[in-house]
Structure formats: structure tokens, C-alpha cells
Amino acid sequence: MHLHNTLSGRKEPFEPQDPKRVTMYVCGPTVYSYAHIGNARPVVVFDVLARVLRRKYPRVDYARNITDIDDKINDAAKKQGVPIDAITTHFAKVYRDDMAALGAATPDFEPRVTENLPAIISMIERLIGSGHAYAAEGHVLFHVPAYADYGQLSKRDRRELIAGARVEVAPYKKDAGDFVLWKPSTPDQPGWDSPWGRGRPGWHIECSAMSEKILGETIDIHGGGHDLIFPHHENERAQSTCAHGGKPFARYWVHNGFLTMNSEKMAKSVGNVLLVHDLIKQHPGEAIRLALLNGHYRQPLDWTDDTVPNARKQLDRLYGALRELDSVTAAPGVKAPATFIDALEDDLNTPMALAALFELAHAANTATDADKPRIKAQLLDAAGVMGLLQQSPEAWFKWAPAGGGGDEAAIQALVDARTAAKKAKNFKEADRIRDDLVKQGVVLEDVPGGTRWKRAS
Ligand code: AMP
Ligand code: ZN
């Protein structure tokens, strides 16, 4: 298996430090509002990576944090006049449900910052003890000049980094690039007791402390969107490496490219932010998932009005092939073809893997009866690695948007009435019923042995 490593800038052979236990940490959401479709990209990409790893190695420990201490959360709580955990509990649940609708499995660990303050404080204490951090006026700062490799991950010169980060100039900082590990809280702000007074942790230290606690000092894979390379991951790397006496933090840094909307940046100010919570009411979650996987994860992905409908048509083809194999029993023990797995193991080349999947669907449509059990097994196994074809063709074709589509039993009753009318040679009535169903967005297909229906996409 190969993975592109941001640290080396190259695709490298992937070899876990312990082949019996692969460790992966991905930076998770700050839970104060709904996730947008761009936020869902790393979720789906790393979900596929976890599936590929799980099939190859006996154990994968995948952690994705929930940031439930943050100034944006504080602002939202203040505005609504509620405690922060009313906001974070609600939006952590929404996040989990929305990502589940995209077929993303819950990671093995979902640490929350509020539940890990002792680990965070302990790491800060160690960084002070080793001379990499210092306390000043209720703050604790990481001293960037104390870590010679700072800037290696983001490949920027330190001076350039400071300019890029627009770091706050504060009188208590020894160096303009020093960043906050701990900051004081005013009495009306949420805060926790610490050796430096009542306060709260900075954003970067939480990931360093939680990944150490759950996965150990050196982890195999660290992931997130490429916007996190600087300053977040550069700072995480500095903290963890210095707290661990110079031992490497993450061995492979994996970053996904950005999602744009009609070639534009997705931003509130542009007014083009698409929320997953809304999208899953209008489209099958599986189509949204496939849309996110149609491009290679490192490339930018442009989202337009056609993106999901096109993915839906692709899934119609896959489910159509599967439906034709309804009466076939999948051959036991037969796995996805090598072309498919090789593509995924080559830096998660999902477009190439999908091409192999569509080839299988095509083969299914033209296969001899003797070959069908093998093809069905291959199709199901391969699709499973991508988290696709996870429902019955029947359920797929009958999917209806939230609050729409009519009752399935009522539709079936009309289909049966039409069949009866046809049998009685009352073709006028049969056509009337068909037209009525078309108006409801239901398409009838007369096939050997009866009539089946699906919802028009
Ligand atoms: P945030 O809540 O902004 O920290 O983002 C959560 C995750 O989504 C991070 O891994 C970001 O890198 C990623 N992300 C945010 N916006 C986009 C986007 N437009 N395209 C792809 N990934 C994104
Ligand atoms: Zn992080």
C-alpha cells in the first residue's frame, strides 16, 4: 500500500510501525453548528481509508476528536443564553447522525476535549518542564524557536509562517510566533482549574494530548483537510515531538483537497454553503457519499447542481446490476478483484477503483449463469470497501425525499389495481392508474413475472 505523505511531499510505501495495530487520528469537528459538505469530505475519505486498512490489518485504532471547547462555541452559547454543553451535546449528535447518513462509520474513539483536561494539562506541564513552553500572565505559550524543525511540515520559513498566521502580537510573548497552549478565562467564560489559574486550552494542544492518550506517542496516520497543515498540524507536530523527547509524532500526514461550489470558495459571506443536514433530506446519502468519492481525495472537488444527480444515476446502474442478480447466491469466500483493491491501495485512488466497480456491474449484466455467483460476490465485497451498495436494490429505487414520495403501501395498491385492470382488459383504467402514478413521481416497469415500481430520480 502507498500513501502520499505531506511531510515528504511524496507517495511512500505504507508500513505501520506495528502491523498488528494501525493507528490513525483525524481532526474532527468543532460542534457549534451544522457541518457543510466540505466538512464531510475528510469524513468520507478517511472512512474509506479506515475500511481499506481494516481489511489489510488485524486491528485499526481510528480516533476522531470532538472539539467541545472553543471560542465560537462560547459565542453561540452566550447569544442563545445557554450553557456550552447544551450547544455541543446537540451538535455532536447532529454531526454523528448526518455523517452516518453518508455511510461513515463512527470511529473507534471519539474523544472530547472537556473529558480530557487532565491529559492536556499534563502535556503542557511536560512542555514547560522541558523548556519548550513558558507561562506568562495566566497564559502558557509554546516557544517556537525551541523547536528547530518548526515549519518542516508546511514547508515554510519561520518568518513567512508568522506573517501567514497573522499571529497576535502580545507583550507576554517571547517570540512573535509563539502560540497559546493555555489561556485565562474571565469569570463569565467557561474555564477549568489549572496550575496557571482558571482557563481553557488552546486548540492545537487538544489533538496532541488526546492522540497521545488514546493512540500512543507515535501514530501511523494523521489526517484532515489541507487547510489544517498550517498552523494546526505544524503546531501539533511541534508540541507532540517536544513532549516526547524528539520521537516522531505522525509517520504519514494525509490531507484532503478542498471542495468548491461552482468553482467558488464555499463561505457564509458568498452565501453558497451547503449543509449536509439539508442535503440528506433531498438526496440519498449514498449518492452524496459517491459524489465525494468520484474525485481523488488530494484533488480539489467542484460541487455543482449536477454532482449528486450524476452520482445517483451511477448508483442506479450499480443497484440495477445487483437487482438482476437477486436470485443468485454470492459465491462464498470470493473477494473484490485485485484491480479494485490495488487502486485503493495506491494512495486511495477512488476514481480508478470506481471504474473497476462499474466494470464489474457491466460484467454482471452480460455474465453467463455459471459466472454470476462470482460476480455478485466480487461486486458486493468491492462496494462494501467503499461503503456503497449497503441497502437492497428495492430500498434504493424506492428512496423518497423527506416529507415526499407518498406512502409505499398506497403505491403498491395502485400498482396492483393496474395489474387487475390489465388482466380484465380494461386498458383505459390501467393507463389512467399509470398516469396517476407518474404524477406522483413513480415509474412502472413491466418485467417478466409482474410489474415493479421505482421513484424517478
Ligand atoms: P473545521 O470545522 O473548519 O475545522 O473543518 C473540519 C474539517 O473539514 C477539517 O478537516 C477541514 O480541513 C475540513 N474542511 C473544511 N472545509 C472544507 C472544504 N471546503 N473542503 C474540504 N475539506 C474541508
Ligand atoms: Zn487536530
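Of all the criteria given as (1) over 24 Å from Leu53 (Cα atoms); (2) more than 27 Å from the chain's Cα centre (by Cα), the one not satisfied by Leu315 is (2). Number of residues in region 36-90 that are assigned to a strand (DSSP E or B) and over 25 Å from Pro187 (Cβ atoms): the value is 7. Pairing each residue of region 252-263 that is at positive phi with any residue that is of a type in the set (Asp, Glu), provided the two are 6+ apart or on different chains, yields C-beta distances under 6 Å for Ser263/Asp302. So Gly131 clears everything in (1) in a loop (DSSP other than H, G, I, E, B); (2) at negative phi except one condition, right? Which one? Against the list (1) in a loop (DSSP other than H, G, I, E, B); (2) at negative phi, Gly131 comes up short only on (2). The criterion of being of a type in the set (Gly, Ala, Ser), closer than 29 Å to His283 by Cα and part of a loop (DSSP other than H, G, I, E, B) holds for Ala104.
On the stretch given as region 425-452, residues that are surrounded by 10 or more Cβ atoms within 10 Å (Cβ to Cβ), among the aliphatic types (A, V, I, L, M) and either part of a helix (DSSP H, G or I) or free of Cβ contacts under 8 Å to residues at least 24 places away in the same chain (or both) total 5. Taken together, Ala311, Ala336, Ala321 contain a single residue that is of a type in the set (A, V, I, L, M, F, W, C) and farther than 18 Å from Pro393 by Cα, which is Ala336.
Considering region 17-32, the residues that are crowded, with 20+ Cβ neighbours inside 10 Å and not hydroxyl-bearing (Ser, Thr, Tyr) include one that is farthest from ligand 2 (Cβ to nearest atom), namely Val22. Set side by side, the residues Leu389, Leu437 differ, and just one is touching a Phe, Trp or Tyr at 6+ places or on another chain (Cβ under 8 Å) and modelled with pLDDT under 95, which is Leu437. The helices (runs of 4 or more DSSP H) located wholly in region 199-300 that include 2 or more residues which are within 16 Å of ligand 1 (Cβ to nearest atom) and buried (at least 22 other Cβ atoms within 10 Å of the Cβ) occupy 203-215, 234-243, 285-293. Residues considered: Ala413, Ala421, Ala395, Ala430. Of these, the only one that is out of contact with any helix residue (DSSP H, G or I) (no Cβ under 8 Å at 6 or more places or on another chain) and over 30 Å from Asp98 (Cβ atoms) is Ala413.
Close Cβ contacts (under 7 Å, 6 or more residues apart or on different chains) running from residues in region 202-217 that are under 15 Å from Ile66 (Cβ atoms) and of a type outside the set (D, E, K, R) to residues that are away from ligand 1 (no atom under 14 Å from the Cβ) and part of a helix (DSSP H, G or I) comprise Ala209/Ala119; Ala209/Ile120; Ala209/Met123; Met210/Ala119. If I filter region 4-12 for residues that are among the basic types (Lys, Arg) and either under 14 Å from His255 (Cα atoms) or within 16 Å of ligand 2 (Cβ to nearest atom) (or both), do I get at least one hit? Yes, the conditions are met somewhere in region 4-12.
The values are calculated or read from the model by the stated rules, or taken from the named source; none is laboratory data. Keep in mind it's a predicted model, so treat the numbers as computed, not measured. Cβ: placed from backbone, ideal geometry, glycine included. Neighbour counts: every protein chain shown.
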